[in-house]
Amino acid sequence: MSKILFEIKYKVIPEKREEYLNAIQEMREIIRNNYPCQYFVFEEKKYPNTFSEIFICENEEQFDSLEDNQTDDVYNLTNKIYDEFILDRKVTYSTKYEI
């Protein structure tokens, strides 16, 4: 089976950067300790405050479990990040399959 890469990309309000970094650090710890997929957060070098959350899942089952088994902590942090830190609440999602 192919690995799956799932990306969530957005820009953070510059004045909220430090608060965002604290929230995303908490998110990273929760996901890495409770989900089977690998999880990373990257910032674009050329575009400060543009971040990507990257999930790498071993298969379709792991990928499907991301949403199916979402904890309350992740749900609440996701809503906080979306409501308080993301510029214009604009988010793009991308799913890629390994070839």
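A compact table of results
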{"item": "Check on residue 39, of a type in the set (Phe, Trp, Tyr), surrounded by 12 or more Cβ atoms within 10 Å (Cβ to Cβ), modelled with pLDDT of 95 or more and under 12 Å from residue 7 (Cβ atoms)", "result": "yes"}
{"item": "Residue 49, sole failed condition from (1) surrounded by fewer than 15 Cβ atoms within 10 Å (Cβ to Cβ); (2) of a type outside the set (A, V, I, L, M); (3) at positive phi", "result": "(1)"}
{"item": "Failed item, numbered, when residue 32 is tested on (1) loosely packed, with under 14 Cβ neighbours inside 10 Å; (2) touching an Asp or Glu at 6+ places or on another chain (Cβ under 7 Å)", "result": "(2)"}
{"item": "Candidates 78, 71 - the one that is out of contact with any Asp or Glu (no Cβ under 7 Å at 6 or more places or on another chain), touching a residue at least 24 places away in the same chain (Cβ under 8 Å) and closer than 15 Å to residue 21 by Cα", "result": "78"}
{"item": "Residue 2 being more than 14 Å from the chain's Cα centre (by Cα) and hydroxyl-bearing (Ser, Thr, Tyr)", "result": "yes"}
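The values are calculated or read from the model by the stated rules, or taken from the named source; none is laboratory data. Bear in mind that the values here come from a model prediction, so they are computed numbers and not experimental data. Don't worry about glycine lacking a Cβ; one is built from the backbone with ideal geometry, like all the others, and counts go over all protein chains shown.
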